[in-house]
Amino acid sequence: MTDTESLQTRLRELLLEKAYLTGDFILTSGKRSDHYFDCKRVTLNAEGLAVASELLVEKLRAAGIAAIGGLAIGADPIVAGVVASSWRLGYPVQGFIVRKEPKKHGTSRWIEGSVEQGARVAIVDDVATSGSSIIKAIETSRAEGLEPVVAYTLVDREEGGAKRIASEGHVPFEALVRYGELFA
């Protein structure tokens, strides 16, 4: 088993142990569901964030992308983890956060971080259901002069988000884990 395969296996284990919940939930998309992924239980855990971040740094390195960001708050710990891990792994990347609305004071920015205009960037989120958060981050990043070229998520719930991101966001989409893989 390669290091990447080991990390992917461990991420699946952590998602099932810490993030996967059953019950009656209303998702960000407004849909009701009998299961929920509280991925902050993984991304705010030292091992979970380290595992996810290392996997993402390797994807960024392979794609030649030097910046990663996403919509607050789901992307925040992931972006910070990737930035820190990237330094340790010898492929330093920049991070940025896309605000849900522009800052009302100071710089009035939509995007926080020091990413250069025109930069090729990856967009990330913790969970994709409908894809709306990732699409909003892609559209805002474009409007602010960045060039989103790929989108990643920790978990794809496999409820149409991947197709929507590819068609409306016009970027390839990749999940570190798909819902169906967790129970295969």
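Read-outs throughout are calculated quantities, based only on the coordinates presented, and are distinct from any laboratory measurement. Being a predicted model, the structure only gives us computed values, none of them experimental. Note: ideal-geometry Cβ built from the backbone for every residue, glycine included; neighbour counts use all protein chains shown.
Charged neighbours of Leu89, selected by a Cβ distance under 14 Å, balance to 0 (K, R count +1; D, E count -1). For Arg142 and Ser114, the difference between the fully extended length at 0.36 nm per residue and the C-alpha to C-alpha distance is 8.6 nm. Structural size metrics of the chain, computed from C-alpha coordinates, are Rg and Dmax of 15.6, 50 Å. Take the residue pairs Lys31/Lys163; Lys31/Lys59; Lys103/Lys136; Lys100/Lys136 and return only those whose Cα atoms are more than 19 Å apart. Among Lys31/Lys163; Lys31/Lys59; Lys103/Lys136; Lys100/Lys136, the Cα-Cα distance tops 19 Å for Lys31/Lys59.
Placing +1 on the Cβ of every Lys and Arg and -1 on the Cβ of every Asp and Glu, with nothing else charged, gives the chain a dipole about its Cα centre of roughly 480 debye.
Per-peptide packing, taken as the mean over residues of other Cβ atoms within 10 Å, places 126-139, 94-107 in the sequence 126-139, 94-107 from highest down. Summing +1 for each Lys or Arg and -1 for each Asp or Glu among the other residues whose beta-carbon sits under 12 angstrom from that of Val115 gives -2.
With each label modelled as a point 7 angstrom along the Cα→C-beta vector, the Glu168-Glu47 pair spans 3.7 nm. Using a/c under 1.5 as the rounded threshold, could you call region 134-184 rounded, prolate or oblate? The axes a ≥ b ≥ c are square roots of the C-alpha gyration tensor eigenvalues, and prolate needs a/b larger than b/c, oblate otherwise. Here region 134-184 falls in the prolate category.
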